[in-house]
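Only one structure is covered here, and it is reproduced in the block below.
The values are calculated or read from the model by the stated rules, or taken from the named source; none is laboratory data. It should be emphasised that the depicted structure is a prediction, and the values quoted were computed from it without experimental measurement. Because the Cβ atoms are built from the backbone with ideal geometry, glycine has one as well, and the counts that use them run over all protein chains shown.
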Amino acid sequence: MHKIDKLLSPLEALKKAVETAGGQTELAKSIDPNQEKLKQQNIWTWLNRDKKTSAKWVVKVSQATGVSCHELRPDIFPAPQPANDSSNQQSIA
């Protein structure tokens, strides 16, 4: 029997990313070091109003924290298919 990992909600995944980065300010700095376009207030808004990561910043948040794009925004990034999944194989013509 395989262990099934519970999928985090987008909000839980964002909280995990914030924790991994060391806080809201640190996450913003790790994504936009000069904080020209992204500030701590943006992270706060995602957490408290939007309840998910902004679509514009998902990839950067993932790169900075290791939290997958799929966990952060499953509505935009589908679950990755295993390499041995037959639906993921190319057919030879």
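Observations on the model:
- Checking the range 19-29 against the condition returns a match, with at least one residue being on the phi > 0 side of the Ramachandran plot and either of a type in the set (D, E, K, R) or out of contact with any strand residue (DSSP E or B) (no Cβ under 9 Å at 6 or more places or on another chain) (or both).
- Note on the range 31-79: enclosed helices (runs of 4 or more DSSP H) holding 2 or more residues that are within 10 Å of residue 14 (Cβ to Cβ) are 58-65, 69-72.
- Qualifying residue in the range 56-71 (condition: over 10 Å from the mean Cα position of the chain (by Cα) and at pLDDT 95 or above): yes
- Among residues of the range 69-81 that are touching a residue at least 60 places away in the same chain (Cβ under 8 Å), none has a Cβ under 6 angstrom from a residue that is assigned to a helix (DSSP H, G or I) and among the aromatic types (Phe, Trp, Tyr) at a sequence gap of 6+ or on a separate chain.
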